[in-house]
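Worksheet for the structure shown next.
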Amino acid sequence: MDNATVILLMLLSTMGPAVVIGIVGYGAVKGVSRNPAASPKILLAMVTAFIFSETIAVLALLIVYNLFKFN
């Protein structure tokens with residue numbers, strides 16, 4: 001495989017979690033603006049979603065790296 005394929009796969013594997021983080025952050029800000037009293041619960045849910053999203057991104061990058069090891 002050439003370098004362009006690896007670059008494209010790494011881009012796609014990090015683009016998904018980045019979009020999820022943006023959507024979750026937008027939803028959290030919108031939720032806190034509607035109900036400021038629920039901010040601790042919203043923050044906990046947001047941080048949990050961020051952790052899962054970043055875990056998926058790291059795993060995807062590791063899989064891409066292991067599939068296309070360059071010697």
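Which of the trypsin sites (Lys or Arg not before Pro) across the chain are loop residues per DSSP, with 10 or fewer other Cβ within 10 Å?
Sites meeting the loop and neighbour criteria: Lys69.
The chymotrypsin sites (Phe, Trp or Tyr not before Pro) of region 2-71 that meet both conditions, a loop assignment by DSSP and at most 16 other Cβ atoms within 10 Å of the site Cβ, are Phe68, Phe70.
Listing Thr55, Thr14 from the residue with the fewest other Cβ atoms within 10 Å to the one with the most, what is the order?
Values: Thr55 11, Thr14 17.
The order, fewest Cβ neighbours first, is Thr55, Thr14.
With the largest listed first and rounded to whole Å, the semi-axes of the equivalent ellipsoid of region 3-67 from the Cα gyration tensor are 32, 11, 4. FRET efficiency for the Lys41 to Ala18 pair, using the beta carbon distance and R₀ = 30 Å, is estimated at 0.75.
No value in this document is a laboratory result; all are computed from the given coordinates. Here the structure is a predicted model, which means the values were calculated and not measured. Glycine also receives a Cβ, built like all others from the backbone with ideal geometry; neighbour counts cover every protein chain displayed.
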